[in-house]
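The values are calculated or read from the model by the stated rules, or taken from the named source; none is laboratory data. Keep in mind that what you see is a predicted model, and the values were worked out from it rather than measured. Cβ sites come from the backbone with ideal geometry, for glycine too, and all protein chains shown count toward neighbours.
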Amino acid sequence: MVTGRSGRGDRQPPRIRSKSELQQQRRPARHQCWNHLIAAPLWPQHGVNLGTLLRTCDAVGACLAVPRLPWVPEALRRGNTLRHKQCVHWIEGDVCRWLYRQRAGDSAILGVELADESIRLADLPAARRRTIVVLGNEGSGIPAEALELLDSAVEIPMLGSGHSLNVAVAASLVLYKAAGLM
């Protein structure tokens with residue numbers, strides 16, 4: 001039981017902040033695209049995950065980079081619950097070639113994957129330079145040809161019986177940590 005200063009249990013209930021107070025505490029201007037943190041679900045399977053990830057990108061000031069697949073624009077449109085222009089960049093052609101160009105352009109490439117050398121999420125430092133957070137698909141993870149392009153990998157420890165989290169949930173945790181918000 002949480003008690004107040006007097007120790008008699010007479011604590012004040014939490015005060016909910018207004019939308020106006022929340023806006024004042026947040027960044028004064030929208031982030032600059034492609035400058036810092038990019039979520040890259042490069043092998044998506046489910047549109048609902050993209051919609052959830054789009055919302056997380058807005059929350060942490062990240063951009064979303066997705067392959068131009070026929071169903072992806074509709075999934076993003078449906079997932080844009082904020083109903084304003086989002087920072088989405090389209091990848092044309094081979095996603096591994098795009099990833100290679102990002103690495104050659106001095107971006108850090110961080111994969112969310114279970115690997116021998118993975119960093120535990122709790123130990124992941126905040127991104128200090130432009131970072132691409134690469135996400136595999138729900139079934140097979142990040143393909144072998146893309147694993148070779150990673151600078152590092154992060155894993156999310158789990159106690160349950162599942163092997164991994166939903167892609168949108170895993171990405172959200174990693175993005176918050178990489179953005180320095182937790």
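What do you reckon, is Leu99 within 17 Å of Cys57 (Cα to Cα) and outside any loop (DSSP other than H, G, I, E, B)?
Values: within 17 Å of Cys57 (Cα to Cα): no; outside any loop (DSSP other than H, G, I, E, B): yes.
Judged against the criteria, Leu99 is not a match.
Would it be correct to say that Arg77 is farther than 23 Å from Gln45 by Cα, of a type in the set (Lys, Arg) and free of Cβ contacts under 8 Å to residues at least 24 places away in the same chain? Give the derivation first.
Details: farther than 23 Å from Gln45 by Cα: no; of a type in the set (Lys, Arg): yes; free of Cβ contacts under 8 Å to residues at least 24 places away in the same chain: yes.
No, not satisfied.
Would it be correct to say that Ile119 is among the hydrophobic types (A, V, I, L, M, F, W, C) and surrounded by 18 or more Cβ atoms within 10 Å (Cβ to Cβ)?
The answer is no for Ile119.
Of the numbered conditions (1) over 14 Å from the mean Cα position of the chain (by Cα); (2) over 21 Å from Asn49 (Cα atoms), Arg130 satisfies every one except a single condition; which is it?
So the condition that Arg130 fails would be (1).
Report, by residue number, each residue of the stretch 102-122 that is touching a residue at least 12 places away in the same chain (Cβ under 8 Å), under 28 Å from Met158 (Cα atoms) and either assigned to a loop (DSSP other than H, G, I, E, B) or in contact with a Gly (Cβ under 6 Å, 6 or more places away or on another chain) (or both).
Residues satisfying the conditions are Glu113, Leu114, Ala115, Glu117, Ser118.
Out of the stretch 168-182, which residues are in contact with a strand residue (DSSP E or B) (Cβ under 8 Å, 6 or more places away or on another chain) and without any contact (Cβ under 8 Å) to a residue 24 or more places away in the chain?
none
Filter the stretch 64-74 down to residues that are modelled with pLDDT under 90 and either surrounded by 16 or more Cβ atoms within 10 Å (Cβ to Cβ) or of a type in the set (Asp, Glu) (or both) and give me whichever is farthest from Arg103 (Cα to Cα).
Among them, the one singled out is Glu74.
What's the number of the only condition in (1) among the charged types (D, E, K, R); (2) under 23 Å from Asn49 (Cα atoms); (3) modelled with pLDDT under 95 that Lys177 fails to meet?
Looking at each condition in turn, Lys177 falls short on (3).
With the requirement that a residue be modelled with pLDDT of 70 or more and surrounded by 10 or more Cβ atoms within 10 Å (Cβ to Cβ), what does the stretch 13-33 give you?
Here is the first cut: in the stretch 13-33, the residues modelled with pLDDT of 70 or more are 13-21.
Of everything in the stretch 13-33, those that are modelled with pLDDT of 70 or more and surrounded by 10 or more Cβ atoms within 10 Å (Cβ to Cβ) turn out to be Arg17, Glu21.
For Ala127, indicate whether it is in contact (Cβ under 8 Å) with a residue 40 or more places away in the chain and under 18 Å from Gly47 (Cα atoms).
So Ala127 does not fit the description; no.
Would you check if there is a residue in the stretch 34-48 being in a helix (DSSP H, G or I) and either at pLDDT below 85 or crowded, with 17+ Cβ neighbours inside 10 Å (or both)?
Yes, that holds for at least one residue.
Identify the residue in the stretch 125-182 that is assigned to a loop (DSSP other than H, G, I, E, B) and charged (D, E, K, R) and, among all such residues, is surrounded by the most Cβ atoms within 10 Å (Cβ to Cβ). Break it down stepwise before answering.
If we filter the stretch 125-182 for residues that are assigned to a loop (DSSP other than H, G, I, E, B), which is where we start, we get 125-130, 136, 138-140, 142-143, 148-151, 156-166, 179-182.
So of that shortlist, the ones also charged (D, E, K, R) come out as 128-130, 138, 148, 151.
Details: Arg128: 10, Arg129: 9, Arg130: 15, Glu138: 17, Glu148: 10, Asp151: 12.
Looking at the filtered set, the residue picked out is Glu138.
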